[in-house]
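**Q** Structure in structure tokens, see below.
The values are calculated or read from the model by the stated rules, or taken from the named source; none is laboratory data. All of these numbers come straight from a predicted model, not from anything done at the bench. Neighbour counts are summed over all protein chains in view; Cβ atoms, including those assigned to glycine, are modelled from backbone coordinates with ideal geometry. Note: areas computed on protein heavy atoms with side chains; ligands, DNA, RNA excluded. Shrake-Rupley method; radii C 1.70, N 1.55, O 1.52, S 1.80 Å.
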Amino acid sequence: MQKKRYYVEIEQSGMGISEVQTGENTIQYAVDVTPEEKEKLEKQIDEIKHENASGGEIVARAVDERNADAAKDKMQEKMDSLYIMIFEFGTPETKDFIHEIRSDLV
């Protein structure tokens, strides 16, 4: 199956995947993916967005530090998984950059 280039942005303000590379002020990771791989990335991004959107629980979590820590750990695991996927599907430049910033994962 043929791969197509997409750009993944993981900043909270604009997390997503696009066919178009945006401005220079945004960090985007170039990936070459099949439709199935793109769907896998989108699913992971949606899970992270959903986790961030459930901010109403933050007040309750603040009272119970163990739950707050567990929530942070869960979010970090999801972000780590996303970085690993971006590395796996990334262009050589993307792989080099991910290796520089997250050598603990790759």
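Residues checked against (1) free of Cβ contacts under 8 Å to residues at least 24 places away in the same chain; (2) within 17 Å of K78 (Cα to Cα); (3) in contact with a helix residue (DSSP H, G or I) (Cβ under 6 Å, 6 or more places away or on another chain):
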site: V8; (1), (2), (3): no, yes, yes
site: E19; (1), (2), (3): yes, no, no
site: T26; (1), (2), (3): yes, no, no
site: V33; (1), (2), (3): no, no, yes
site: Q44; (1), (2), (3): no, yes, yes
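**Q** Which of the residues belonging to segment 1-51 are outside any helix (DSSP H, G or I) and of a type in the set (A, V, I, L, M, F, W, C)?
**A** Residues of segment 1-51 that are outside any helix (DSSP H, G or I), as a first pass: 1-11, 15-34.
Answer for segment 1-51, where residues must be outside any helix (DSSP H, G or I) and of a type in the set (A, V, I, L, M, F, W, C): M1, V8, I10, M15, I17, V20, I27, A30, V31, V33.
**Q** Right, here's the next one. For I45, only one of the following conditions fails: (1) at pLDDT 80 or above; (2) of a type in the set (V, I, T); (3) exposed (fewer than 13 other Cβ atoms within 10 Å of the Cβ). What is its number?
**A** (3)
**Q** Next question, about the same structure. What pairs can you find where one residue is in segment 73-102 and at negative phi, the other is surrounded by 13 or more Cβ atoms within 10 Å (Cβ to Cβ) and of a type in the set (F, W, Y), and their Cβ atoms are less than 7 Å apart, with a gap of 6+ or different chains?
**A** Correct list of pairs: I86/Y29; G90/Y29; T94/Y29; K95/F87; I98/Y83; I98/F87; R102/Y83.
**Q** Out of E57, E88, which single residue is part of a helix (DSSP H, G or I), at pLDDT below 90 and out of contact with any Pro (no Cβ under 9 Å at 6 or more places or on another chain)? First the steps, then the outcome.
**A** Details: E88 fails: at pLDDT below 90.
The match here is E57.
**Q** Can I ask one more? Tell me the residue from D96, D104 that is open to solvent by 50 Å² or more (accessible area, probe 1.4 Å), in a loop (DSSP other than H, G, I, E, B), acidic (D, E) and at pLDDT 90 or above, please. Outline the logic, then answer.
**A** Values: D96 fails: in a loop (DSSP other than H, G, I, E, B).
Being open to solvent by 50 Å² or more (accessible area, probe 1.4 Å), in a loop (DSSP other than H, G, I, E, B), acidic (D, E) and at pLDDT 90 or above holds for just one of D96, D104, which is D104.
**Q** In segment 1-11, how many residues are over 11 Å from the mean Cα position of the chain (by Cα) and among the β-branched types (V, I, T)?
**A** So in segment 1-11, the residues over 11 Å from the mean Cα position of the chain (by Cα) come out as 1-7.
Okay, now just the ones that are also among the β-branched types (V, I, T), so none.
Of the residues in that region, 0 qualify.
**Q** As an exercise: evaluate M15 against (1) open to solvent by 90 Å² or more (accessible area, probe 1.4 Å); (2) modelled with pLDDT under 95 and give the number of the one condition it does not meet.
**A** That leaves (1) as the condition not met.
**Q** Restricting the search to segment 12-38, which residues are of a type outside the set (S, T, Y), within 13 Å of the chain's Cα centre (by Cα) and more than 18 Å from K95 (Cα to Cα)?
**A** Correct list: Q12, G14, M15, G16.
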